[in-house]
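This report refers to the structure that appears directly beneath it.
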Amino acid sequence: MVRPGVYELPPGARVADVIDAAGGLSPDADGDRVNLAAPVADGERVYVLRRGETSVPSAPVGPPPTGPPGSDDGEAPAALVDLNTATAEQLDTLPGVGPATAEAIIAYRTEQGPFTSVDELLEVRGIGDAKLADLRDRVTV
């Protein structure tokens with residue numbers, strides 16, 4: 001983003017709104033790897049990968065976030081990963097998802113069509129109730 005920083009946006013804001021508030025994408029941003037339609041939540045970090053970058057760098061160290069009880073784990077919430085558009089690399093960043101499970105998710109959506117709910121992940125080889133519980137708050141359709 002041209003002007004990284006903290007921005008106050010109205011409820012219902014999307015990643016595209018954050019990028020607009022920050023002056024748009026920087027020339028080295030990999031705009032094809034960001035879900036502009038993803039909703040953002042208060043306190044969420046939105047990071048746009050640069051071309052050639054393969055993972056999101058760790059968030060800077062600072063005081064822990066102040067959020068609702070039970071949400072204070074010392075990390076900023078990650079942007080939601082869209083099961084219908086995510087690359088294998090993006091899926092691989094999710095907890096408990098490695099290269100094989102990422103490929104299974106992509107194979108499922110290729111064969112069955114777009115996911116219609118997060119619960120549909122239970123139909124993917126390698127994903128059970130426990131893994132779905134870990135993923136539920138990190139993915140969207």
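Overview of results
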| read-out | value |
| --- | --- |
| Å³ per residue enclosed by the Cα convex hull of region 81-140 | 67 |
| Length gained when the stretch Asp28-Leu9 is fully extended (0.36 nm per residue, less Cα-Cα span) | 4.4 nm |
| R0 of 25 Å, Cβ-Cβ distance Val2-Arg138: FRET efficiency to nearest 0.05 | 0.35 |
| Likely footprinting exposure, Thr101, Thr140, fewest C-beta neighbours within 10 Å first | Thr140, Thr101 |
| Cβ-defined net charge surrounding Thr87, 15 Å radius [Lys, Arg +1; Asp, Glu -1] | -4 |
| Enclosed volume per residue, in Å³, of the convex hull spanned by Cα atoms of region 1-52 | 67 |
| Residue-count net charge about Ala38 - beta-carbon cut-off 15 Å; Lys, Arg +1, Asp, Glu -1 | -3 |
| Under 11 Å, Cβ to Cβ, from Phe115 - net charge with Lys/Arg +1 and Asp/Glu -1 | -3 |
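Only the coordinates and a few stated rules stand behind these numbers; no lab work does. The model shown is predicted, which means the values in this text are computed figures rather than measured ones. Glycine also receives a Cβ, built like all others from the backbone with ideal geometry; neighbour counts cover every protein chain displayed.
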